[in-house]
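Let me begin by presenting the structure, written as structure tokens, before commenting on it.
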Amino acid sequence: MPAKRKRTGTSSALETCTICDRDIHRRGMAAHRKKCEKDRANALHDLAQRRLQMAAQVELGQAIAGSAADPLGGPSLPADKPDTPGRFTHQHDDFRAFTPFEFGRVADVDQDANNGRPAPFSKDDIKTEYHPHSGKFPTVQPFDTYQRRPTAPLVEDHTRENQLPPWSPFRTRLDFEVASLALDAALKKEHVVTLISLLRRCGQDPQQFTIQNAEDIDNIWNLAAHKAPEFIRDDIEVEYDGEKLSFEMWYRPLWDWALSLIQDSSLVQYFDWNSQRLYKFDGAHFVRFVDEPLTGERLWNMESSIPEDGTPFFFTLYADKSKLSSFGTAKAYPVIARCANLCTAIRNGRGIGGGTVVGWLPVIKEDSEDSGKRNFIIHKSMVWHQGLGKILNSIQNASYHGYWVTCGDLVKRRFFPLDAFHSHDYEEACIMTGTRGVRSLFPCPVCLVPKDMQMEHTTTYPLRTTESMKTVYTSAIAQLTKKDQEEILKGFGLREFENIFWTANLSDPYKGASFDPLHTFDNGLFEDHLFQQVIARIKALGSQVVGKFDTQFDMIPRWRNLHHFESVSNITFNDGSKNQDISKLILFTSYNILTKNVDKTGYLLLRCLRAYINMRMYAGMQVHTDATIAAGRLAVQAFSALIKEYAEESNKDAEVPKNWNFPKNHLYVHLFDDIVAKGVTRNYNTKPSEQMHRGIRKTYFTTNFKNIAPQILGKIHCVLVAEYIWQDINDYDEKLAAAAIELAEDNATHQDGQASHTQTTYHTPHLSLTVAQPLHSFKELETMHINDSAPKLFHQFHTRLADFLSQRLPAEDLPNGRYLRLNPNEKIMEFRYLKVNYESCVTWTMATDHLRCSPKFHGHPRYDHVIIKTEEPLGAFTPFLVGKIVFMFRCTIQDKNYHLALIDPLDALIGPRRVIDIELGLIRLRTKTHRTGEFIFIESIVRGAVVIEAFDTPGDYLLVDTLDDDMFLRYKQAGL
């Protein structure tokens, strides 16, 4: 065997590894970096294990290895008992009544506990406690290197070794791209651009496009159908009024769908196979937090109930009817499944691993003579549950006994498919749980609250469970007469049929029933009740007041991802996102209208709105700790007390008293119990699944409007198949791109370059400055603004800037180390767009604000406000410096560029807060009487802010703390 040829090269071909500082040849750098990264990850893991053992020895007096005790203190407890090492104290096994303090307090690790030595952990370290079935010890990772799941190398898919191109069975890639585009019925701008590009490619190489007509496309889609689980038709027969009726039922076997995800080699790296508990070290103790479903207690307990060698495959289900035609004569009833083992970004996203239509339930025609009849309602429910039974049938056996599967990473696992929880509105929750709905004696699908006590939130009522409801049902059907059966079932709000969810292992439709912010809050409690109350009270004050209210809404500054409303008093839409934005802003546009002097009860309603939006903000957080859960529970209590007070006051003089005893004024009692049990609300919010209805409606208009189910489902299946083909193509493109980059690196030559002084952008990890304007001098700038009305922010601009830089820059950066003088003719560059990256104090991940400083942006002046970093708070009631960006620019001193901004600060000290500000949670800011603006370095900007001119006091401003969860929590933590 010939000897390997030794590579030679000059020193210019060597590069320094940024990890180990060794000089490595360029061609071997990629492989070397992979090894270095792996070695570093292993070292960090070993360090974390050693630190964890040190803490365990301090707290427990024994090594962690081989111990089944809580690694952070506490006795050893069985995994399937409620008091597992999370320190939850509760009344029910899904933590419906846990104590918030005990939720987060895992173990104190201060200096006293460590015999005066510093704690073995660093602030913000992340501890992961894996489920005992995983066989993994707890780990602690530094926050900067924390990863939810290990980065496992991708496993090659050997099923693709037949050398077929990734777009197979399409004859060419262009054929597939045209066919994929044809799936989208409504052409948007991006589709038009794509189509033009494809047509141009046809002209360059006509042989690449071989499709002849629409039938040719259909035939090829049929050849590709095997790439995803196909729909099956299996009709349902249900007896009604002595006659057997047959209903068309379409579904994908749920287990086939599960296998398509588990065995996907590209997706397998994103799976978490076991539930886990997460903690963040705050300097004294580890505080537990929850986000994904696998961090919740319900999934932990479910995993504890399967064999130790079992791996849970957690799925969630959504179902809801929707109108397809404008008049509602055609309807769809899709069932959508998602995998809770996948992270939110994938699970709630589009494409492979996202929501998948797994069923198409029958829509039963409802005649006027049948509508509302007890037997007909039971009949519809029985059809629903039999249809869902078809979907669940394929996982029934595996849910009890498990099923061995070779996964996409070539590892064999024994899977137990488990029904984790459901996503639904209230009406669908009643169908899933088999309860009687809003008019029953016990309307809640989760607990047994009497219908006339739904707004009384101080009393805890028994929770429904599969065991208790099955007992009630069994007792009822054992009765000899229908009347006796009905009396028993009515006494618990149950319907007269057997719930299909009772048959699957560990499935519990009552614990699985989840809080839905979209229908309960945005489109429910707010839109249908609180908002209507506010509008009615404002309209009672006259048309001029209504106009003032709408005008104040229009005066709210525009902000990215925040709807702008010119008026809201007469809106008629059912859009959850718009409703949520109105709820965030309505307090700031009505506080000077519904005052105590004008409408005392209306002012009480505004206090209810403040309590509601506090509750809504906590409900929408993407990460929850013990502190935020405790605060959220207090927000629920505050709203509950205020809405009860408002109901009593408003009904005193009402011609028709409003009844506030309805389910959507009760369901939020279970909100934070659901967060503890199943993770944050975006895990079960119906919004991602509701958005899938749009695609179904769009597909409906491509049918012939007859026998629509197989036509729509055929297109839905083609869309999923196209996702798989696109996945293969993307993998193919990445390999080609990697090869091209490697070739380019081999052929690259190093050239020395010089930094351009005419650079028109500025980028750092924290921010980006773009949209540069032509250079102009200080003199030209001051002349342009010479006629500005007060405040004169550009007066003596260059002189004031010189003063600022002389005070802030080190002496070595100043000319001759002396006081800086700027020539009026020196030129600067203006920027009008700033993108700021900051760490969210809710999720601890990167968030981005897009800020404008422009005299005309989409036809309107746009000068955004920002929060600016200061060494200490300005005052007790002004914890952060907030200012309006007036001008962003770059100037050059001694060949060094400085990026700055002129701001109009809202930094006047405010005395004790007004009563109205305290009761309505208004954060008031104020400008100084004589102000000329201030200069800041652009890097001192923390994030953007929305600030509204106060309508009650000239010179005062109100900060919109409800803008997003980071802004809300930032000010809550500051005590406001």
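Residues 541, 164, 587 in ascending order of nearby Cβ atoms (within 10 Å, fewest first): 164, 541, 587. Here the gap between residue 780 and residue 648, fully extended at 0.36 nm per residue and compared with their Cα-Cα distance, gives a gain of 41.1 nm. Counting only the Cα atoms, the stretch 836-900 fills a convex hull of 160 Å³ per residue.
What pairs from 331/706; 321/687; 482/511; 578/678 go past 19 Å between their alpha carbons?
482/511; 578/678
In terms of other Cβ atoms within 10 Å, 795, 385, 131 run from fewest to most in the order 795, 131, 385. For the stretch 762-973, the Cβ-based charge dipole about the Cα centre amounts to some 420 debye (Lys, Arg positive; Asp, Glu negative; other atoms uncharged). Every Cα-Cα pair of the stretch 762-973 was included, and the share exceeding 28 Å stands at 32 percent.
Annotation for the stretch 826-891: GluC sites (Glu not before Pro) lying in DSSP loop with at most 15 further Cβ atoms inside 10 Å of their Cβ are 826, 871. Extending 7 Å from the Cα toward the beta-carbon at both residue 973 and residue 326 defines two label points whose distance is 5.1 nm.
On average, how much area does the Cα convex hull of the stretch 764-874 cover when viewed from any direction, in nm²? Computing the convex hull of the Cα atoms and averaging its projections yields 10.1 nm². Counted by neighbouring Cβ atoms within 10 Å, the residues 794, 376 run from fewest to most as 376, 794. The modelled label-to-label distance for the pair residue 730/residue 375, using points 7 Å beyond Cα in the direction of Cβ, is 5.4 nm.
At 0.36 nm per residue, minus the direct Cα-Cα distance, what do residue 409 and residue 835 gain on full extension? Give it in nm, one decimal, please. All intermediate terms of the calculation are to be shown ahead of the outcome.
Numbers: separation 426, 0.36 × 426 = 153.36 nm, distance 3.92 nm.
Fully extending the segment from residue 409 to residue 835 adds 149.4 nm.
Pull out a ≥ b ≥ c, the square roots of the eigenvalues of the alpha-carbon gyration tensor of the stretch 538-645, then state rounded if a/c is under 1.5, prolate if not and a/b is larger than b/c, and oblate in the remaining case. The shape class here is oblate.
Using Cα-only point scatterers and the Debye equation, what is log10 of I(q)/I(0) for the stretch 758-814 at each q in 0.13, 0.20 Å⁻¹, rounded to two decimals? Treating every Cα as an identical point scatterer, log10 I(q)/I(0) equals -0.53, -1.03.
Judged by the mean number of other Cβ atoms found within 10 Å, the most tightly packed of the peptides 938-951, 224-237 leads the ranking 938-951, 224-237. Among the GluC sites (Glu not before Pro) in the stretch 621-670, those placed in a DSSP loop whose Cβ has at most 12 other Cβ atoms within 10 Å are 655. So if we plug the beta-carbon distance of residue 598 and residue 563 into 1/(1 + (r/R0)^6) with R0 = 30 Å, what FRET efficiency do we get, rounded to 0.05? That gives a FRET efficiency of 0.60.
Multiplying the residue separation of residue 482 and residue 949 by 0.36 nm and removing their Cα-Cα distance gives an extension gain of 161.5 nm.
FRET efficiency for the pair residue 792 and residue 826, taken as 1/(1 + (r/R0)^6) with r the Cβ-Cβ distance and R0 = 30 Å, rounds to 0.90.
For a paramagnetic label modelled on residue 122 (point 7 Å from Cα along Cα→Cβ), amide N atoms under 20 Å away belong, within the stretch 268-286, to 279-286. Run down the lysines and flag those whose C-alpha is under 24 Å from the C-alpha of residue 792, throwing out any fewer than 8 positions away in its chain. Partners within reach: 779, 827, 856, 884, 928.
Rule-based calculations on the coordinates, nothing more; no lab input. Keep in mind it's a predicted model, so treat the numbers as computed, not measured. Positions of Cβ are generated from backbone atoms using ideal geometry, with glycine treated the same way; all protein chains shown enter the neighbour counts.
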